[in-house]
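The values are calculated or read from the model by the stated rules, or taken from the named source; none is laboratory data. Small disclaimer: the values here were computed from a predicted structure and weren't measured. FYI the Cβ positions are ideal-geometry reconstructions off the backbone, even for glycines, and counts take in every protein chain you see. Side chains included, ligands, DNA and RNA excluded: accessible areas come from the protein's heavy atoms. Shrake-Rupley method; radii C 1.70, N 1.55, O 1.52, S 1.80 Å.
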Amino acid sequence: MADKNYYTIDPLGKLRCVKCGVPLEKGKAKFLYLDNGFPVELPVCPVCGFVYVPEELALGKVLAVEKALEDK
Amino acid sequence: MIIEERNSTHVYKQLRMLSKEELEQLEGRCVHEQPAYCVAACPLKLDAKALVQAVSQGDFDGARKLYEKIAPFPHILSAGCDAPCGAKCKLAGLGDAVEIRALERAAMAYGQRGKARGILRMKKRKTAAVFGSGLYSFFLAGELNKKAYPVTVFCQEPDLEAYISAEAGFAPAEALAADAALLRETDIVFRFGAGLDRDLVEAQREKFDVLCLSPALYSSLYPAGKAEEALQYDRENRLVTGRPRGVTESAFCAKKAALTVDRLAQNLDPGNTRGEEGPVETRLYTDTSGATALTRVPCQGDYTREEAVQEARRCIQCRCDECIKGCAYLQHYHKFPRVLTREIYNNVSIIMGDHMMNKPINACSLCGQCSVTCPNGYDMGEICHLARQNMVATDKMPLAPHEFALMDMLFSNNEAFLCRPQPGYEACKYVFFPGCQAAAIAPETVKAAYLDLCRRLDGGVALLLGCCGAICDWAGRYELAGQTKDFLDRELAKLGDPVVIAGCPSCKKQLSGHEGLEIVGIWDVLLHLGLPEGAHGLERPAALHDSCGARGDAGTQEAIRSLAKALGVELVDTPYSGDRSPCCGYGGLTAYANREVAGEMTAKCLERSDAAYISYCMACRDRFARQGRESRHILELVYGTDAGAPPDISQKRYNRLTLKKELLWELWQEETKEMKLDFDLRFTKEALRLMDERMILKDDVIAVLEEQRQTGEAIYDADSGLTIARRRIGNATFWVKYTPLEGGGYLVHSAYSHRMQVERRQG
């Protein structure tokens, strides 16, 4: 079955993990809030696993979903 | 410190906010949907208010349509209507009532008859006979025809014209002709020239299901008959009839009679389930202060179109919107308290699904203005407060709208908290309680006030820097509110339970919930002691904004005015002052939960005057100053201080800490250990603006960077050239965008946060 993702961001080689010195890759992550989970694909460090949430995503889609869930 | 987030969206707990009876009693207080006085007075249920409005807009067709709805033969009715509406017109008490009767005639004269005459209806199988002529039987025949009963009229008159004219001598020939034309369109069957005697009537019982009699005929043929007025029915003789007087009453009784026929035709008792009939009592309230046109447009017979429009424009369209006029919150949601209460009640009762009213519940400033402006004291704040507590109790209250404020309160009552007796005293007669916002916004003023009180009052003045608990109370967090109350009680007991000198009316109100605590306002004390040296008012006239915390507290409102007078301030009159004052937007945590509505509240306060504003609550002072208005707290004038430009959220915390540190050192010779950053930290202007907007503290940024220094974890974005670090603090993840400075420092360009947790997943 195809993997379901609510959101995908490909770092396209423009993001680098400062600690590990490697480029971030498109990786599997999930958002969790108030007992709800959403699988997504975000820039992830293949070595240390740092998951990056860009500003536009945090203040856009993430905020909208947070607000929707808060009123559930 | 952390406040627990609600656990899950899957909460199936439910707690009744109000009993059904309580809800109905509350809703009953809102009279917005009560009928206007003229509408309530009309036995025929004419929407006179809508008719007059239509005429005022020149819409005679629309006006006529409304009138045609109430009567089968509107021309004769309008010619002879007694207009009970006029006597109840609100303008009648001030000058001339609106000439509704003349406007009805104008509607009939200048409006076009509605084209759609209803759908073709099947005639009913039950039949009715109407005996005699005159207005009552004429209207009744028309009403029954409207109800699709086959009607046969028995009358002495030789023809239709003579039948119509009987008892309608008051109506002009055109009206008679017009209604005659309407009558011809019906399929009412006429038996003209009938010899109307009791035998004829009784003989028809076999042919018709219901028999109806004109009043005159009833009196002569059945002199001992006792028709019930309410039903228009003589049970003994099984006759539908009555004894009405006048045109309007005839039309009304004909309506009642038609309903009785309807009931009888269905073999039902005519007295049951008739619904509301006739004029009603209205509980409407209407403010008539804006009514200016109090003299009627002279009427020579009938109005011309223009005269009718002019007369109709005098109507003030009676309605009650006292609450909404002064409240930005109600204006924002454009709902009246009755509707809003019901929706909030339903919202609280929802087990699953979207809670659409969470935002309105958290957007009210709980200021109580509506409880004063409403003629029946409807308090929306009380309902929203109750709903918040209910949501907290059932774990359905999201933390996000109030978390920053609650954390700020915990900060006030922990790191920034200070409770000390005056140096040289163990127990004190007084304790100064300036309030958290005063210490955050105007620390110099707080300091000056405290030193002044110490100097001029005997018996010792202790100092208590902290939050009164209003914040958690407003948030509906009743457990935290209880804990805060107990905590403050313990601290006050340590000081020997002194008299509290409150610096803020909201604190004064909140602390009044503590049993056995004596509280006075600093304004009362200052009036008693006189102004200190250096006190001076403003050079120009100023508007006084009354704090919502002082609503219902005439003593405080008067004391502030006396203080302003003593300071030589010339106060300008503003609408909505005193008990009717609106909230600045801070109350009820609106400023945190709903910035948009809070902004509208502030604008509503400021639209009352162009002058500088003087307030006696530091939150009001702050919000007005943020809008660029010259805004001063009365204590700034008393102590000759100027808190200047409003501080940002980080500065507000810093001010509280610094005030505590300075006072500890200067008065009690206690040194506070200073936390020094071991790295250089700078912010761009844009970063500071974004942080204030996004409610991110400098302390949050420092916490992120401190972790970054330990773990080395960060991302470098080649596009922007910025490095980005993050840290989970409490219920949110904070991200900081920066450029590293030489020597290990940081220049912060931006910061943002989200509440969702993010983690890697496998598969």
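Rounded to the nearest 10 degrees, the angle from helix B:135-146 to the longest Cα principal axis of chain B is 70 degrees. What is the list of residues in the range B:162-187 whose amide nitrogen lies under 19 Å from a point 7 angstrom out from the Cα of B:Asp82, following Cα to Cβ? Only B:167-171 pass the distance filter. Treating r as the C-beta distance of B:Glu558 and B:Asp719 and R0 as 51 Å, the FRET efficiency rounds to 0.25. Placing a label point 7 Å from the Cα of B:Asn376 along the Cα-to-Cβ direction, the residues of the range B:312-338 with a backbone N closer than 18 Å are B:318-325, B:335-338. Between B:Glu206 and B:Asp302, the C-beta separation translates, for a Förster distance of 41 Å, into a calculated FRET efficiency of about 0.30. Roughly how many Å is it from the Cα centre of the range A:52-72 to that of the range B:472-537, as a whole number? Value for the Cα centre distance between the two parts: 40 Å.
Measuring max minus min along each principal axis, the C-alpha atoms of the range B:401-659 give extents of 48, 43, 33 Å (largest first). Dimensions of the protein assembly as shown along the principal axes, based on C-alpha atoms and rounded to the nearest Å, stand at 118, 81, 48, largest first. For the range B:4-142, with equal point scatterers placed on the C-alpha atoms only and solvent neglected, what are the log10 I(q)/I(0) values from the Debye formula at q = 0.10, 0.11, 0.14 1/Å, to two decimals? Log10 I(q)/I(0), no solvent term: -0.55, -0.61, -0.81.
The A-B contact accounts for roughly 3800 square angstrom of buried accessible surface, both chains included, probe 1.4 angstrom. Computed with the Debye formula from one identical point scatterer per Cα of the range B:435-542, without solvent, the log10 of I(q)/I(0) at q = 0.21 Å⁻¹ comes to -1.24.
Per the Kirkwood definition applied to all pairs of different Cα atoms, how many angstroms is the hydrodynamic radius of the range B:128-265?
Evaluated over the range B:128-265, this radius sits at 14.7 Å.
Accessible area per residue was computed with a 1.4 Å probe on protein heavy atoms; A:Cys17 scores about 0 Å². For the range A:27-41, a reduction of at least 40 Å² in accessible area between the chain on its own and the assembled protein chains (probe 1.4 Å) is found at A:Lys28, A:Lys30, A:Phe31, A:Leu32, A:Tyr33, A:Leu34, A:Asp35. Placing R0 at 51 angstrom, the Cβ-Cβ distance between A:Cys48 and B:Glu27 gives a FRET efficiency of 0.30 after rounding to 0.05.
Compute the distance from the alpha-carbon center of the range B:318-375 to that of the range B:440-467, in whole Å. One Cα centre to the other: 39 Å. Rolling a 1.4 Å probe across all protein chains gives B:Arg656 an accessible area of roughly 10 Å².
Report in % the part of the accessible area of the range B:681-754 that belongs to carbon and sulfur, leaving out ligands and nucleic acids; probe 1.4 Å.
Roughly 45 percent, rounded to a whole number.
Return the residues of the range A:43-57 for which accessible area with all protein chains present is lower than in the chain on its own by 50 Å² or more; set the probe to 1.4 Å and exclude ligands, DNA and RNA. Buried by 50 Å² or more upon assembly, which counts only protein chains, are A:Phe50, A:Val51, A:Tyr52, A:Val53, A:Glu55. Using the Stokes-Einstein relation with a Kirkwood hydrodynamic radius computed over Cα pairs, the translational diffusion coefficient of the range B:542-586 at 10 °C and a viscosity of 1.306 mPa s comes to 146 µm²/s.
Counting only heavy atoms of the protein chains, get the accessible area per residue of the range B:370-410 (1.4 Å probe) and round it to a whole Å² value.
24
In the range B:109-206, Rg over Rh equals 0.99, where Rg is the alpha-carbon radius of gyration and Rh the Kirkwood radius from pairwise Cα distances. For the range B:1-96, applying the loop criterion from DSSP together with a ceiling of 11 other beta carbons within 10 Å to the chymotrypsin sites (Phe, Trp or Tyr not before Pro) yields B:Tyr12. Residues of the range B:675-721 that bury at least 10 Å² of accessible area when the other protein chains are present, relative to the chain alone (probe 1.4 Å, heavy atoms, ligands and nucleic acids excluded): B:Arg694, B:Thr711, B:Gly712, B:Glu713, B:Ala714, B:Ile715, B:Tyr716, B:Asp717, B:Ala718, B:Asp719.
For B:Thr186 and B:Tyr285, calculate 0.36 nm times their separation in residues minus their Cα-Cα distance, and state this gained length in nm to one decimal. Stretched out fully, the B:Thr186 to B:Tyr285 stretch lengthens by 31.4 nm. Can you run the Rg to Rh ratio on chain A? Use alpha carbon positions and the Kirkwood inverse-distance Rh. We get a ratio of 1.01 for chain A.
Between A:Tyr7 and A:Glu41, the built amide H atoms are under 5 Å apart, and every one of these is 5 or more places off in sequence or on another chain. Adding -39500 (n - 2.57) for every DSSP H run of four residues or longer, then dividing by how many residues the protein assembly as shown holds, sets the calculated 222 nm ellipticity at -11500 deg cm²/dmol. For the range B:401-659, the fraction of 1.4 Å probe accessible surface lying on carbon and sulfur atoms is 48 percent.
The mean accessible area for residues of the range B:128-265, using a 1.4 Å probe and ignoring ligands and nucleic acids, is 40 Å² per residue. Evaluated at q = 0.13, 0.16, 0.17 Å⁻¹, a Debye calculation over the C-alpha positions of the range B:606-763 (equal weights, vacuum) places log10 I(q)/I(0) at -0.81, -1.03, -1.08.
The distance from the alpha carbon centre of the range B:589-663 to that of the range A:1-47 is 43 Å, rounded to a whole number. Bridgeable lysines around B:Lys126 (alpha carbons under 16 Å apart, same-chain partners fewer than 8 residues away excluded): B:Lys146, B:Lys147, B:Lys207. With semi-axes defined as the square roots of five times the eigenvalues of the C-alpha gyration tensor, the equivalent ellipsoid of the range B:681-754 measures 17, 15, 12 Å, largest first. Every Cα-Cα pair of chain B was included, and the share exceeding 36 Å stands at 60 percent.
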